[in-house]
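Reviewing the structure listed below.
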């Protein structure tokens, strides 16, 4: 049994720091376990007590004769390292460390945490926390949090805030019949990290959905990889917070200046199949629906309403969400016509127009007809159901209850999801409780009910297309070429971080990307000779390890027509360069033909602190720099993802030809993005790559200018330095 | 007393179509009035009955001897015109017409409706509906809707869907202590329209806030005018639905192609001080807060939390909403320090870090300290308050109740708003009911609580700046010039809808806008002579009443350097024009100097079906056509609004100079927008104006090309053709 399994299925828990003081966590922890009917053994540990709550108290964990699976450590931070050593020697599979005062408080705390983890590793033990509210395994009622009344169910809860765990658990117990398999407060993640829990929950048969509240990720890439592997098996629902502190990135390259985490993270999470939620009130409902209902397979649903306003609002919202409301089949309309009044609307949304006022069981009949329409993948009922017995006549309560039974049995059989909105949820009518018994969720907010339909459709869509996705795994160096390696190794040997333009271009040519022809002229005569080889006007550009931004140094001359102009340009470039930096080293000038007209695009990559290499694409100039109209993806990308990038920017239509220009070959751009993805995978040292501009045309594409920064030991997999319980690291990415 | 006042304060109601059949509206209406303790007289009218529910029944409304203020008409559509005639003769102030089957069902119904309104006008009577769920005046318990248990209060409810009125009223009665002064279903608005009710509620002392659900407006401009006059007195909260059917506009001018209603309506509503709400679950809470709490005056609030997760999520949301969370004053922090534990966070959000666990009354003490910080305009408390007695220890219930009393009295005294989020709202603890008693609203969704803070700040901000706004009133023709009138009248006389380019430019020059110099050359020799007058290269453009899009007809030649080129161009343009249209009428060619380089901008106006004249501004070319990066305003605009338009587009930064270009004088653009606004006001016939391009430079601005469409009798005030109860006309604007 791996340690995590032993932890979650623990047959015994030792409470290190057990106490008789009722206000102390060391007392409450034992009380919760006893009252919550923990199915294993409880071993209080306190050198000064004989018994606590009638249980024998041990001086030291090592005094316990029976095996100890989990140690709950409630003592202060400074005592923890020695305790972890003892827990390890006692053969514990894991320790839950509650105390704060580790990484989040500075260097000293970080050192203690690192030592603690090192000790744990020595014994093959894993640590949850520190600085966590604890963990609960509902399998055996091992409640190490001290929360009462946690409902058992199939949702695994994984949070970075004890407060939010409490929120979700309370919401579930007050408003739902669903519950949890586990609740884990990840705390500082000194040892166990988000992705490791994810991996465990993926295989866990008691977990049908994973609900996460995340403020920052320690290792974004590993998280994506594990999420990708999980979401094909079960849904992962995630709310990220900490947007507001979005730190401004020190500009640097274009990619850097533009990479807002929310963009990068959002598309990355989406590609990994994660359902991201923006509003906290939608978080539990989304997880509830995904854990009990089948996903919507065809993105098509019907709305059944008992009033025009609700129907209109729901249709608006679902349309915003991209869920389709198809026309109903004629046979479906025919059946509805038989049971609804003449003025009912039989389009989708269906409005019963008073047809249920005296008999709300008509809802069940309509639901049956609608869900049997093979074009309809799911059903949303909005309005007053549950309130007919309250608002109109008490008798109707029983009819509503009958309707609930009918709908419940229908949904069990037909295997399509049904979600209900009821204005009367707050009044807690029995009919709605019946629906929940049948795993039909009910919400009093129309917006939440619509969001639930949306996530069911989103997950259904993902499952239908996830074979097209990438799994976020690099095969570092697999496609490297010896000559390419040599270019990079040579620069590293010379202590350079920036490659020279011709080096970048040589590297790009090696990887079969279309780079503008150019030749390095060491002197004026060579420049003239090379210029003559091209049958167009030429460009001269300075080549110097000391000049990264050539234009700023007066190092670029365009549209040179003849020998005279080339000579003058060469001389002036050298003069400018020396003026720019008196000790400048100059390798010469790059001579290249003027690029043919076309659409300027930009492709860049950089290493994101959280997710590792990411790629950016945009249409050049003002659209990138001012309007920030760009698309990001975490690398590597599939052909499908590259195509999406091209489609998703607002200015995409430019490629189709505007103002009389011919259309641009998009396939060429997709190919270039894929080759750039391969290039980054080939040489782990690449820190930033900037292809700007690339000229795209009807039949060709040319990389006109290219910059590359390399670093030997950057964290290519993405790994942030986040510490503490509310680190807001999203902003720093 | 004006008719609307007599209607809302009616001392007597006649039920036309009264019935003894309990399933009929004519029975239920009387029952509701009797059981709801209507304070006036009830007169059932039915020729076949003697008494109904013990009340004397009349054969005809004219048989009633006492005065009748309101007639509730529940008979079918075809009977209504004759009934209205009788009601008029009986001296009724108004009629509430329930029946559908009027305008929403086609031409026949529209005719009936028009006749009915004409009859009513004859007697000075007003009609609510038809096709309405009815109306309720809580002043005298005149409930003509048939809804039980409508709570009395200060919110006037104005809806275009009976279903939504029911929704809001039910939500209020289940979850709030607030209620309504009136509820009106506007129905088809055959007579009384949204803006007329608005006008009445503005003056009504019983109404503190107006809550509206709108699917379409019959007269958007009048609505804006009345809203503008209302919102300086009391808040108007509005949810618009029907977005999803956003019909595609037939392109035409740029403005037309781009004007999505949501953009136009959103900024117009905002300028009129309306609080627009997008999510139905936020609609009643927003109205509730605005009706019972003072607005936040300085856009600055504090958050008080008992957990990090809630604090972070709330801070994110409020930051998205643009509400500031300022640092607390040192004296405030000092006071908090004394009552909170050492690990509490005293930044804003304040996190009590367990400091309330054993004594939730600490919340009241913190609230007092925070609201006394003069920098803090309002307070949001998030988390578990109300649940301490449920979650932790029953004893704490009483402490929470004490805290509620303290906070209630505090808020009464300090006149700053306090909004609470409580995880435990659904459990209905008494402490939360106490808060509501003191007019402190409590919500269980964090998002809703944050939205409420936002609207309180938004309304406070509006009240602070509304003197800068325009009131949406045109003084038609006030600034017209005789020569300008003549240009337009001349074209109208000739039956032309499009002015010729030089006519538009003459008009623009008359109104002192900077138009490129040009001269109309009737023949080749004149073109040569005029070209010689300019000391730059010139442009030739065809002038023909038959050619609106000159480039498409090969009618434009740029950069002509000398006589030879001018002659060749003139001949070619004429040839192209004849090829384009063999019977083309040609007035000649416009000769103008090539415009100096600068930033191309576009300014356009058109007449919106709902709001009348609107203006559009964008930075030229691809940014407008492809990225659709434009700003809209309903005309007329103030200087402030014009400045906002320039700032709000995504590409605004281009005006500051990018890629080494000099900055552009923005004042010139603002002046041009204001002059265009005046121009539209001067000549009501202007239907579309397109200034494209306008070249803006460091020190100057030139209108290079201009198009104008005029129409004699367009609906210049905006007036849609909307009919029916769910018309979705937003989309058609």
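The values are calculated or read from the model by the stated rules, or taken from the named source; none is laboratory data. Bear in mind the structure is a predicted one, so any value in this text is a computation, not a measurement. Every residue, glycine as well, gets a Cβ built from its backbone with ideal geometry; the counts of neighbours run over all protein chains shown.
What number of residues within segment B:389-405 satisfy the criterion of being touching a helix residue (DSSP H, G or I) at 6+ places or on another chain (Cβ under 7 Å), more than 12 Å from every other protein chain (Cβ to nearest Cβ) and farther than 26 Å from residue B:318 by Cα? Explain how you work it out, then say what you get.
Step one: of segment B:389-405, the residues touching a helix residue (DSSP H, G or I) at 6+ places or on another chain (Cβ under 7 Å) are B:389-390, B:396-397, B:400-401, B:403-405.
Within this subset, residues satisfying the condition of being more than 12 Å from every other protein chain (Cβ to nearest Cβ) are B:389, B:396-397, B:400-401, B:403-405.
Of the ones still in play, those that are also farther than 26 Å from residue B:318 by Cα are B:389, B:396-397, B:400-401, B:405.
Counting residues in segment B:389-405 that are touching a helix residue (DSSP H, G or I) at 6+ places or on another chain (Cβ under 7 Å), more than 12 Å from every other protein chain (Cβ to nearest Cβ) and farther than 26 Å from residue B:318 by Cα gives 6.
Residue B:173 meets each of the listed conditions (1) surrounded by fewer than 22 Cβ atoms within 10 Å (Cβ to Cβ); (2) within 19 Å of residue B:36 (Cα to Cα); (3) more than 14 Å from chain A (Cβ to nearest Cβ) apart from (3). Just for segment A:126-151: of the residues that are under 27 Å from the mean Cα position of the chain (by Cα) and not in a loop (DSSP other than H, G, I, E, B), which one is nearest to residue B:352 (Cα to Cα)? Per the criteria, the residue is A:135.
If I go through segment A:319-340 residue by residue, how many of them are part of a loop (DSSP other than H, G, I, E, B) and either at pLDDT below 95 or under 30 Å from residue A:458 (Cα atoms) (or both)? Write out each step before concluding.
Just the residues of segment A:319-340 that are part of a loop (DSSP other than H, G, I, E, B), to begin with: A:321-323, A:325-329, A:340.
Now narrow it down to the ones that are either at pLDDT below 95 or under 30 Å from residue A:458 (Cα atoms) (or both): A:321-323, A:325-329.
The qualifying residues number 8.
Screening segment A:620-710 for helices (runs of 4 or more DSSP H) wholly inside it with 2 or more residues that are free of Cβ contacts under 8 Å to residues at least 12 places away in the same chain, surrounded by fewer than 19 Cβ atoms within 10 Å (Cβ to Cβ) and within 14 Å of chain B (Cβ to nearest Cβ) returns no ranges. Is there a residue being in a helix (DSSP H, G or I), touching a strand residue (DSSP E or B) at 6+ places or on another chain (Cβ under 7 Å) and more than 14 Å from chain A (Cβ to nearest Cβ) anywhere in segment B:475-483? Within segment B:475-483, not a single residue is in a helix (DSSP H, G or I), touching a strand residue (DSSP E or B) at 6+ places or on another chain (Cβ under 7 Å) and more than 14 Å from chain A (Cβ to nearest Cβ).
Looking only at residues of segment A:412-432 that are exposed (fewer than 15 other Cβ atoms within 10 Å of the Cβ) and either under 29 Å from the mean Cα position of the chain (by Cα) or touching a residue at least 24 places away in the same chain (Cβ under 8 Å) (or both), we find that the one that is nearest to the other protein chains (Cβ to nearest Cβ) is A:430. Here residue A:612 meets each of (1) more than 14 Å from chain B (Cβ to nearest Cβ); (2) farther than 23 Å from residue A:503 by Cα; (3) crowded, with 18+ Cβ neighbours inside 10 Å; (4) free of Cβ contacts under 8 Å to residues at least 40 places away in the same chain with one exception, condition (4). Selection of segment A:519-547 for residues being crowded, with 17+ Cβ neighbours inside 10 Å and part of a loop (DSSP other than H, G, I, E, B) yields A:544, A:545, A:547.
Restricting attention to segment B:287-310, and to residues there that are more than 8 Å from chain A (Cβ to nearest Cβ) and in a helix (DSSP H, G or I), which single residue is nearest to the chain's Cα centre (by Cα)? Result: B:287. The residue list A:272, A:315 contains one member that is within 14 Å of chain B (Cβ to nearest Cβ) and touching a residue at least 12 places away in the same chain (Cβ under 8 Å), which is A:315.
Just to be sure, is residue B:495 loosely packed, with under 14 Cβ neighbours inside 10 Å, touching a helix residue (DSSP H, G or I) at 6+ places or on another chain (Cβ under 8 Å) and more than 26 Å from residue B:323 (Cα to Cα)?
On the way: loosely packed, with under 14 Cβ neighbours inside 10 Å: yes; touching a helix residue (DSSP H, G or I) at 6+ places or on another chain (Cβ under 8 Å): no; more than 26 Å from residue B:323 (Cα to Cα): yes.
Considered against the rule, which asks whether it is loosely packed, with under 14 Cβ neighbours inside 10 Å, touching a helix residue (DSSP H, G or I) at 6+ places or on another chain (Cβ under 8 Å) and more than 26 Å from residue B:323 (Cα to Cα), residue B:495 comes out as no.
Give the residue that is nearest to the other protein chains (Cβ to nearest Cβ), with candidates limited to residues of segment B:433-446 that are buried (at least 23 other Cβ atoms within 10 Å of the Cβ) and in a helix (DSSP H, G or I). The extreme case among them is B:446.
Residues are listed down the side, and each one gets a yes or a no for (1) in contact with a strand residue (DSSP E or B) (Cβ under 8 Å, 6 or more places away or on another chain); (2) under 24 Å from residue B:265 (Cα atoms); (3) not assigned by TED's automatic domain parsing to the domain that holds residue B:128; (4) not in a strand (DSSP E or B):
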site: B:154; (1), (2), (3), (4): yes, no, no, no
site: B:166; (1), (2), (3), (4): no, no, no, yes
site: B:206; (1), (2), (3), (4): yes, no, no, yes
site: B:210; (1), (2), (3), (4): yes, yes, no, no
site: B:227; (1), (2), (3), (4): yes, yes, no, yes
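Answer yes or no: is there a residue in segment A:586-602 that is within 24 Å of residue A:221 (Cα to Cα), more than 14 Å from chain B (Cβ to nearest Cβ) and either free of Cβ contacts under 8 Å to residues at least 24 places away in the same chain or in a strand (DSSP E or B) (or both). Checking segment A:586-602: not a single residue is within 24 Å of residue A:221 (Cα to Cα), more than 14 Å from chain B (Cβ to nearest Cβ) and either free of Cβ contacts under 8 Å to residues at least 24 places away in the same chain or in a strand (DSSP E or B) (or both).
Scoring residue A:420 on the criteria (1) modelled with pLDDT of 95 or more; (2) in the same structural domain as residue A:370 (by TED's automatic domain parsing); (3) in a helix (DSSP H, G or I) leaves a single failure, condition (3).
The residues in segment A:355-388 that are over 18 Å from residue A:422 (Cβ atoms) and either in contact with a strand residue (DSSP E or B) (Cβ under 7 Å, 6 or more places away or on another chain) or assigned to a loop (DSSP other than H, G, I, E, B) (or both) can be counted, and the count is 7. Within segment B:65-77, is there a residue that is out of contact with any strand residue (DSSP E or B) (no Cβ under 9 Å at 6 or more places or on another chain) and free of Cβ contacts under 8 Å to residues at least 60 places away in the same chain? There is at least one residue in segment B:65-77 that is out of contact with any strand residue (DSSP E or B) (no Cβ under 9 Å at 6 or more places or on another chain) and free of Cβ contacts under 8 Å to residues at least 60 places away in the same chain. Annotation: of all residues in segment A:269-283 being in a helix (DSSP H, G or I) and over 25 Å from residue A:367 (Cα atoms), the one that is farthest from the chain's Cα centre (by Cα) is A:281. Pairing each residue of segment A:225-249 that is within 14 Å of chain B (Cβ to nearest Cβ) with any residue that is at pLDDT below 70 and assigned to a helix (DSSP H, G or I), provided the two are 6+ apart or on different chains, yields C-beta distances under 6 Å for A:242/A:730; A:245/A:731; A:246/A:731; A:247/A:731; A:247/A:732.
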